[in-house]
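Participant: Got a structure here, written out as structure tokens. Questions coming.
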Amino acid sequence: MNTKIVTIDTDNIDEAAIEEAGSIIRRGGLVAFPTETVYGLGANALDKEAAGKVYAAKGRPSDNPLIVHISDRKMIRPLVKNIPEAAEKLMDAFWPGPLTLIFEKSDSVPKETTGGLDTVAIRFPNHPIANRLIDAAGVCIAAPSANVSGKPSPTLGEHVVDDMNGRIDMIIDGGMVGMGLESTIIDVTVEPPMILRPGFITYEMASDVVGQVNIDRTILKKPDGEFKPKAPGMKYRHYAPTADYSIYKGEADKVADKIAFLANEKSNAGMKVGIITADQHLKLYEGKLNEDIKLVSLGDLDKPETIANKLFMALRNFDKINTQFIFGEAFSEDNVGRAIMNRLTKAAGYNIVDV
Ligand code: TXA
Ligand code: MG
């Protein structure tokens, strides 16, 4: 398939290109587009064949449901059986924005879109291109992250091109996304509501609005037979670089010493090695590392949003230079940190070492 790649300026949207993208979606095709979280791979959410194409393009297991994107709160009514009070409060507080809510689905949403479930995930994004595209399509848009299944989510148009060129009809490159981590998912079909995937809308923010909120216990722990994550997508190996990635937790200087030792050992054995750190810890590695080791800071520990923003890109960049081993520091799990560590823990296949 020939993929049309167009660059659209968020501040000066090319209406003709958006109309073309909208008509591709309307007639059952696939268009990747930027949102404020990560890039999405869009299809008409109410067209089961189009939904099927999304699974094929991503190589995604068919039991992993898609998120339905809307551009107006009014679009939600035909998609759901009911709107619980907690949902109304969360929508008032955080929509449009990086929050996905799980509802009981109506009959109009095909099971192909919901991975066979009787519930549907709905999100009202806050990104001018995403919102204009949904309006132009005239339908709600099912969109998983626009990566090949299992790979880190795309935060740049270039990442989408790497993964999806030749597999879909169109890619809209709208530059770097603002946040870099996928939306928070909250299940409002249960009382109290439950966070299934952490994101920029934190536990603290959600509890301030609706009172008690539970957290799916598999968010930071490895799922086992008894505890399966409620969001089917959270059970797969995910966000994973090709390299063998392990995370080290403990006091900063001890962690840096341990990482430097292990990194040098692999590098001496001729392996390509990378290290993930933060701005404040760069100095802990000074003069300690073999020259060919790639030391990458994700950002400022006091501004976790900078770390969130660079995380998937860093994992992809390590792949591009054929890194074989990545040794990474653990980050704080407070607030947005919970989402950061959720993604990193999965990317590392739960390979976390206490130092
Ligand atoms: O920020 C985002 O949410 C991005 C952008 C493109 O909007 N989308 C995204 O989609 O991250 P995806 O497909 O990569 O992740 C969707 C997650 C999966 O873990 C899936 O299992 C879960 O949402 N999910 C979708 N529908 C669900 C449902 N009915 N019940 C439980 N989990 C659901
Ligand atoms: Mg995804």
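Participant: Scan segment 199-216 for residues that are on the phi > 0 side of the Ramachandran plot and outside any loop (DSSP other than H, G, I, E, B) and report the count.
Facilitator: 0
Participant: Taking only pairs six or more apart or across chains, which ones have beta-carbon atoms under 6 Å, a first residue in segment 36-49 that is near ligand 2 (Cβ under 10 Å from one of its atoms), and a second residue that is outside any loop (DSSP other than H, G, I, E, B) and open to solvent by 10 Å² or more (accessible area, probe 1.4 Å)?
Facilitator: The qualifying pairs are VAL38/SER145.
Participant: Restricting the search to segment 118-138, which residues are within 22 Å of ILE201 (Cβ to Cβ) and in a loop (DSSP other than H, G, I, E, B)?
Facilitator: Listed by number, the residues that qualify are PHE124, PRO125, ASN126, HIS127.
Participant: Could I ask something else about it? Answer with yes or no whether ASP163 is part of a loop (DSSP other than H, G, I, E, B), at pLDDT 95 or above and more than 11 Å from ligand 1 (Cβ to nearest atom). Walk me through it before giving the result.
Facilitator: Working: part of a loop (DSSP other than H, G, I, E, B): no; at pLDDT 95 or above: yes; more than 11 Å from ligand 1 (Cβ to nearest atom): yes.
When the stated conditions are applied, ASP163 does not pass them.
Participant: May I pose another question? Can you name every residue in segment 102-120 that is farther than 16 Å from ALA51 by Cα and within 16 Å of ligand 2 (Cβ to nearest atom)?
Facilitator: Listed by number, the list holds a single entry, ILE102.
Participant: For LEU315, state whether it is under 26 Å from GLU333 (Cα atoms), open to solvent by less than 40 Å² (accessible area, probe 1.4 Å) and within 23 Å of the chain's Cα centre (by Cα).
Facilitator: Answer is yes for this residue.
Participant: Could you grab the pairs with beta carbons closer than 9 Å, sequence gap of 6+ or different chains, first residue in segment 251-277 and part of a loop (DSSP other than H, G, I, E, B), second one of a type in the set (Val, Ile, Thr)?
Facilitator: GLU251/VAL355; MET271/THR323; LYS272/ILE293; LYS272/ILE321; LYS272/THR323
Participant: Considering only segment 321-335, state which residues are within 18 Å of ASP253 (Cα to Cα) and under 20 Å from the mean Cα position of the chain (by Cα).
Facilitator: If the condition is that a residue be within 18 Å of ASP253 (Cα to Cα) and under 20 Å from the mean Cα position of the chain (by Cα), then GLY328, ALA330, PHE331, SER332 are the ones that fit.
Participant: Turning to a different aspect of this structure: Counting only residues that are open to solvent by less than 70 Å² (accessible area, probe 1.4 Å) and away from ligand 1 (no atom under 16 Å from the Cβ), which one in segment 21-40 is nearest to SER145 (Cα to Cα)?
Facilitator: Step one: filter segment 21-40 for residues open to solvent by less than 70 Å² (accessible area, probe 1.4 Å), giving 21-25, 28-40.
Now narrow it down to the ones that are away from ligand 1 (no atom under 16 Å from the Cβ): 22-24, 28-29.
Working: GLY22: 18, SER23: 21, ILE24: 18, GLY28: 18, GLY29: 16 Å.
Among them, the one singled out is GLY29.
Participant: ILE195 passes all but one of (1) within 12 Å of ligand 1 (Cβ to nearest atom); (2) touching a residue at least 40 places away in the same chain (Cβ under 8 Å); which number fails?
Facilitator: (2)
Participant: Being open to solvent by 30 Å² or more (accessible area, probe 1.4 Å), of a type outside the set (Gly, Ala, Ser) and touching a helix residue (DSSP H, G or I) at 6+ places or on another chain (Cβ under 8 Å): is that true of GLU333 here?
Facilitator: Yes, satisfied.
The values are calculated or read from the model by the stated rules, or taken from the named source; none is laboratory data. Small disclaimer: the values here were computed from a predicted structure and weren't measured. Note that we place each Cβ from the backbone using ideal geometry, even for glycine, and neighbour counts take in every protein chain shown. Accessible surface is based on the protein model in full, side chains and every heavy atom, while ligands, DNA and RNA are left aside. Shrake-Rupley method; radii C 1.70, N 1.55, O 1.52, S 1.80 Å.
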